[in-house]
Amino acid sequence: MGRRALPVLLILTAAFADSRGAHGLAFDALLGAVPFTAVAGLVSFGAYLERRQDAVGGLQALLWLLALCLVVLSCAVRSPATEAGVVPPLGSSALVACLAIFVLKALVAAAPYARLALRPAKP
């Protein structure tokens, strides 16, 4: 659980720091999130390879890959701009898209439980 929560926490920290104008801290948090996101993606992909019939696991691994690409993109775009104290629009857009990916991941993870809750009771 911690392996999946740490990248989310770091990316949320970066988003909060960006909203407060601390763009250097946001860059550092995103840079720290890169290896943790990569590890979480590799572990998720390994779990999918063990159970190939699990489509949700494959989707989760794919979403981790997309989140990793967005975090790396945001870091790459922000890198030269951190001295100027300005965030390029692509950097903030990639961060917001990464947050949207995490919301989508949470919805995918919660979907089986919601389906069980909506199932009618047997008489």
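A few points about this structure:
- Breaking point among (1) in contact with a helix residue (DSSP H, G or I) (Cβ under 6 Å, 6 or more places away or on another chain); (2) buried (at least 19 other Cβ atoms within 10 Å of the Cβ), for GLY58: (2)
- Just one of the listed residues (LEU31, LEU59) is farther than 16 Å from PHE102 by Cβ and either touching a Leu at 6+ places or on another chain (Cβ under 9 Å) or modelled with pLDDT of 90 or more (or both), and it is LEU31.
- One residue from PRO80, PRO88 being in contact with a helix residue (DSSP H, G or I) (Cβ under 6 Å, 6 or more places away or on another chain), modelled with pLDDT under 90 and of a type outside the set (Ser, Thr, Tyr): PRO88
- Annotation note: of LEU95, LEU70, LEU42, LEU66, the sole residue that is over 20 Å from GLY2 (Cβ atoms), part of a helix (DSSP H, G or I) and open to solvent by 60 Å² or more (accessible area, probe 1.4 Å) is LEU66.
- GLY32 being out of contact with any helix residue (DSSP H, G or I) (no Cβ under 8 Å at 6 or more places or on another chain) and open to solvent by 20 Å² or more (accessible area, probe 1.4 Å): no
The values are calculated or read from the model by the stated rules, or taken from the named source; none is laboratory data. Small disclaimer: the values here were computed from a predicted structure and weren't measured. In this analysis, Cβ positions are derived from the backbone assuming ideal geometry, glycine residues included, and neighbour counts consider all displayed protein chains. Accessible surface areas use protein heavy atoms only, side chains included; no ligands, DNA or RNA. Shrake-Rupley method; radii C 1.70, N 1.55, O 1.52, S 1.80 Å.
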